[in-house]
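These notes are about the structure you will find just below.
The values are calculated or read from the model by the stated rules, or taken from the named source; none is laboratory data. Keep in mind that this is a model prediction, so the values were computed, not measured. Every residue, glycine as well, gets a Cβ built from its backbone with ideal geometry; the counts of neighbours run over all protein chains shown. Ligands, DNA and RNA are excluded from the accessible area calculation, which covers all protein heavy atoms including side chains. Shrake-Rupley method; radii C 1.70, N 1.55, O 1.52, S 1.80 Å.
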Amino acid sequence: MRELSYDAAVIGGGAAGMAAALEIRAAGLSCVVLEREEHLGGILLQCVHNGFGLIEFDEELSGPEFAERMEEKFRASGADAYLGVTVMDVEDPGDRKVLFGYSAEHGILRVSVRAVVLAMGCRERNRGNIRIPGARPAGVYTAGLAQRLVNMEGYLPGKDVVIIGSGDIGLIMARRMSWAGARVHGVVEILPYPSGLTRNIVQCLHDFGIPLYLSHLTSGIFGGDRVESVEIAPIEDGAVRFEKAFRIPCDTVLLSVGLVPENELSKKMGVELNPMTNGPWTDSMMMTNVPGIFAAGNVLHVHDLVDYVAEEARRAGAACARWIRGERPGRELRVKAGPNVRYAAPCRVGPEAPNKLYLRTLIVKNDAVLEVRLDNRVIQSRKKPHVQPSEMISVTLDPKDLADAGPDSTIEIAIL
Amino acid sequence: MGSKNFEGGAYDVAIIGAGVCGANIARRLSQYELKVILLDKEADVSFGTSKANSGIVHGGFHHSPKYLKARLEVQGALMFDRLHRELGFPFRRCGIVVAALHEDEMRVVDQLYRQGVENGVIGIEMCSRERMLELEPKLNPDTVGGLYAPAGGIVEPYRFVFSLVESAQRNGVEVRTSFKAERAEREGDLWRIRAEDGASLSARYVVNAAGLFADEVSRAFGAEDYTIRARKGEYYLLDRMTRARPDRVVFPVPTSVSKGMLVVPTVEGTVLIGPTAEMTDDKSDTATTRERLEMILGNARAMIPAISENDVITSFAGQRPVLEEDFHIEPSGKVPAFIHVAGIQSPGLTASPAIGEYVKDLLKEAGLRLVEKPGYDPVLPDRPRMFDIDHYQADALVARDPAYGNIVCRCEKVSEAEIVAAIRAGHTTLDGIKYFTRAQMGRCQGGFCTYKILKILMRETGMSWDRITKRGGGSELLSGRL
């Protein structure tokens, strides 16, 4: 068994992992990234469309370009990366943590570190998770798997496609499949509003004349060996109208029904998860309840843009480095999701420094107001022309607004 | 499997249907100096009823001693330990509890207990509420009492079949998949069996273990005319991370038609709930329905309240071949050298090793000469699984074959080497690889590993992309190259 020793290890070499490692190296500590695929970049590599990098690189890049730029920075930082290594286990015997990484090239790696940043990303929810009944023919794929097959492996998974769920990957795949010569017969969304970004609705559906069925439940997938049709039923006034159900003939179903942070390894380590995000609870240093274990990116909560992932992971990496050097969280205030807010991350902040929070709302609304309250006193109020659950909202808390916070003070964020 | 031509003369025995019955019969016959062939119409073995069932080694108390199936159930259940030692399929005697939620159900429990005692079940006991909750702390606290059968167990049904078939093959049995026996005629003392695609072979004895299609096979041979009907059972599978996993198989008190819906802690660590029981006219109908799945959740929660729909990773349905109340295992009275193994519904999996023994004796009575084979080897070589071993054992294994270090399926911890082993054992569809290795069977349901398996499959078999299927037939996965 090969033994390695570093100040910190980052699990996952996507945008979050590389960004966290950059900051750990910038603080002068040694750092290794363990990545299960053969390349750094994670899911970015299959996102060949544009729309990334406006914040991190100040220009619009494709996914692979963003990954490449990150990797250049990462390589220049002097951090190490082991590729094709799947971390199966983390032991926490006390002073140091021990990671076991499985690899064909290196055998089993035993990596001893002082701190760990979790950056494993998320996985797609699948048919079983949303319990679509019906037959089990070939031709049902998650949108991300289809994206991988088309963009990286060069295969077309099918020719007549129905997309279930209006998440961003599904919308982007509607366009991608159309470009590849397939016919996309519709995108079916159970909610009355789309789950993906507005720009994707316009650019991927409207521009291609693909119908979007809002407020429709997918009531069945049918077919023998291969998918033959999908049955959908409208939802009216909160009730599914099964008598109005109809079938859309197709040979392929792509599912874009949400993403789940991939925290099975975290749970094994004793990391506690927030049921609203399925990601770890973190404190003002982005640290989980397990001392020395930090989290950032989609493993913490599902982001809509990679630029936010990178920004958040930089903060986590920097905090991890400070923690290794002995800094501990000072006084912390609890952050509470108030009216119309699903969650805010992180859920604790230190009042002495500026804090950036990401949150998601539960509602679709024009002319909304984002309100931050400290113990029921409004300390920040901002107009938001439009809010919807699919678009993440960020808010920065000014230390001077938090100056008179008491030991039991709570910050509440509301969308009104 | 089995690209060989059928040259070199007639077979002594042709077994039609490579489910759990056909596989047990084939392996039992592989101990003798016989030329045996196991046929199946599907692309792989165990692709019918045997792949979608509860995977229970039953407790021997559900059926009256007047039935053949009760006798074979108790005998079969006792044979599992030895088979498990020889073949290494996943199996554990975790015990079965039957939970009564109302006082009036205790009358039925009492009847089950007496039936079990009559059937000769070892260790069966009646339980108070306290004993039930001690045996299974996750049970509904409203449980009033029940039954405990400590010898009941759990098994992974398809891997049970795979290992039986592999053992039979190692001992000389030929296996031919994608062979649908459509017609047969007598040629002297032989049966000439013709497949849909024109292939044919001849055999002295035929065993009809064709499950749902045993009626069609029987008619094709001019034997008795009967009708197998299908009774569909739907299931939910829960993630191994669920907090609702019981320690034992939990049964409700049965009704006159069904053993009821159970909560099964599968041998691989997940939880299975179901099945429903509904007659259907379409033998290929394995569709699940929203209403039935809601019913399963409700029934399962009545016994184990911690069951949550958030833990569901997939649902599926299987079909039981229904003929009559009892198993129908006997030689045809109409045509020679033809044995029916039909209507094998629950407890068919449990009884199947005893069915192998029973059919071997029927063949002997029908004149088949059984001479023991000197080189018969009942033991399958151990096939390592990354899931089962610690980091140090894993390190040694990867040093031997680096492909063990390449984790293809992260949810179920399956390495490239295990995928390759499945392919080399003849499992060349995505479903075949799934049932053999568990890759694609975990919480992501193949979201991350499917494309990796596709590539390994193409590399190992030389198949082109358009020949890769989910489960054979027209279940192709890809429709074009970009």
(request) Go through B:Asp285, B:Asp247 for me and flag whichever is farther than 22 Å from B:Gly22 by Cα, within 14 Å of chain A (Cβ to nearest Cβ) and not aromatic (Phe, Trp, Tyr). (result) B:Asp285
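Could you tell me which residue of segment A:45-59 is farthest from A:Arg314 (Cα to Cα), considering only residues that are in contact with a helix residue (DSSP H, G or I) (Cβ under 7 Å, 6 or more places away or on another chain) and open to solvent by 50 Å² or more (accessible area, probe 1.4 Å)?
Result: A:Val48.
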(request) Please go through segment A:142-160 and pick out each residue that is more than 7 Å from every other protein chain (Cβ to nearest Cβ) and open to solvent by 10 Å² or more (accessible area, probe 1.4 Å). (result) A:Asn151, A:Met152, A:Asp160
(message) Anything in segment B:15-58 that is over 17 Å from the mean Cα position of the chain (by Cα) and either assigned to a loop (DSSP other than H, G, I, E, B) or among the acidic types (Asp, Glu) (or both)? List them, or say none.
(response) B:Ser30, B:Gln31, B:Glu33, B:Leu34, B:Lys35
(message) Restricting to segment A:261-292, name every residue that is crowded, with 24+ Cβ neighbours inside 10 Å and among the aliphatic types (A, V, I, L, M).
(response) A:Met286, A:Met287
(request) State which residue pairs qualify: first residue touching a residue at least 60 places away in the same chain (Cβ under 8 Å) and inside segment B:427-448, second residue part of a helix (DSSP H, G or I) and open to solvent by less than 20 Å² (accessible area, probe 1.4 Å) in any location, beta carbons under 6 Å apart, and separation of 6 or more residues or different chains. (result) B:His427/B:Ile433; B:His427/B:Phe436; B:Phe436/B:Phe162; B:Phe436/B:Ala422; B:Gln445/A:Gly128
(message) Considering only residues that are touching a Leu at 6+ places or on another chain (Cβ under 8 Å), assigned to a loop (DSSP other than H, G, I, E, B) and either open to solvent by less than 20 Å² (accessible area, probe 1.4 Å) or under 28 Å from B:Glu216 (Cβ atoms) (or both), which ones fall in segment B:60-88?
(response) B:Phe61
(message) Any residue at all in segment B:410-429 that's facing another protein chain (nearest Cβ under 8 Å), farther than 17 Å from B:Asp388 by Cα and modelled with pLDDT of 95 or more?
(response) no
(request) Test A:Gly63 against the stated conditions and say whether it is of a type in the set (Gly, Ala, Ser), surrounded by 22 or more Cβ atoms within 10 Å (Cβ to Cβ) and within 14 Å of chain B (Cβ to nearest Cβ). (result) no
(message) Go through (1) in the same structural domain as A:Lys384 (by TED's automatic domain parsing); (2) open to solvent by less than 10 Å² (accessible area, probe 1.4 Å) for A:Arg348 and report which single condition fails.
(response) (2)
(request) Of the numbered conditions (1) away from chain A (no Cβ under 12 Å); (2) buried (at least 21 other Cβ atoms within 10 Å of the Cβ); (3) in contact (Cβ under 8 Å) with a residue 60 or more places away in the chain, B:Pro254 fails exactly one; give the number of that condition. (result) (2)
(request) Considering each residue of segment A:318-339, count those that are in contact with a Phe, Trp or Tyr (Cβ under 8 Å, 6 or more places away or on another chain) and over 25 Å from A:Ile363 (Cβ atoms), and give that number. (result) 3
(message) Based on this model, can you work out whether A:Ala81 counts as farther than 14 Å from A:Ala119 by Cα and buried (at least 16 other Cβ atoms within 10 Å of the Cβ)?
(response) no
(message) Whether any residue in segment B:407-427 is farther than 24 Å from A:Gly107 by Cα and open to solvent by less than 10 Å² (accessible area, probe 1.4 Å) is what I want to check.
(response) yes
(request) Select from segment A:248-275 the residues that are of a type in the set (Asp, Glu) and closer than 27 Å to A:Glu391 by Cα and write down the one among them that is nearest to the other protein chains (Cβ to nearest Cβ). (result) A:Glu264
(message) Restricting to segment A:295-323, name every residue that is within 14 Å of A:Pro280 (Cα to Cα) and not in a helix (DSSP H, G or I).
(response) A:Ala295, A:Ala296, A:Leu300, A:His301, A:Val302
(message) Are there helices (runs of 4 or more DSSP H) fully within segment A:120-213 with at least 2 residues that are modelled with pLDDT of 95 or more and within 18 Å of B:Leu477 (Cα to Cα)? List them.
(response) A:143-148, A:168-179
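So for segment B:439-454 (the condition being touching a Phe, Trp or Tyr at 6+ places or on another chain (Cβ under 7 Å) and either more than 7 Å from every other protein chain (Cβ to nearest Cβ) or closer than 26 Å to A:Val87 by Cβ (or both)), does at least one residue qualify?
no
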(request) Mind listing whichever residues of segment B:299-321 are surrounded by fewer than 18 Cβ atoms within 10 Å (Cβ to Cβ) and either among the hydrophobic types (A, V, I, L, M, F, W, C) or away from every other protein chain (no Cβ under 14 Å) (or both)? (result) B:Arg301, B:Ala302, B:Pro305, B:Ala306
(request) Tell me, please, whether a residue that is at pLDDT 95 or above, of a type in the set (Val, Ile, Thr) and in contact with a helix residue (DSSP H, G or I) (Cβ under 6 Å, 6 or more places away or on another chain) can be found in segment B:309-328. (result) no
(message) Criterion first (of a type outside the set (Ser, Thr, Tyr), more than 7 Å from chain B (Cβ to nearest Cβ) and without any contact (Cβ under 8 Å) to a residue 40 or more places away in the chain) does A:Ala81 satisfy it?
(response) no
(message) I'd like to know if segment A:308-319 contains one or more residues that are at pLDDT 95 or above, surrounded by fewer than 23 Cβ atoms within 10 Å (Cβ to Cβ), under 30 Å from A:Cys347 (Cα atoms) and among the hydrophobic types (A, V, I, L, M, F, W, C).
(response) yes
(message) Could you list, ordered by first residue, the pairs with Cβ atoms under 7 Å in which the first is in segment B:456-476 and more than 7 Å from chain A (Cβ to nearest Cβ) and the second is part of a loop (DSSP other than H, G, I, E, B) and open to solvent by 60 Å² or more (accessible area, probe 1.4 Å), at least 6 apart or interchain?
(response) B:Gly472/B:Ser178
(message) Quick check on segment A:235-247. Is at least one of its residues within 14 Å of chain B (Cβ to nearest Cβ), buried (at least 19 other Cβ atoms within 10 Å of the Cβ) and part of a strand (DSSP E or B)?
(response) no
(request) Please specify each residue of segment A:177-199 satisfying the condition of being buried (at least 23 other Cβ atoms within 10 Å of the Cβ) and not β-branched (Val, Ile, Thr). (result) A:Met177, A:Ala182, A:Glu189, A:Pro194, A:Gly196
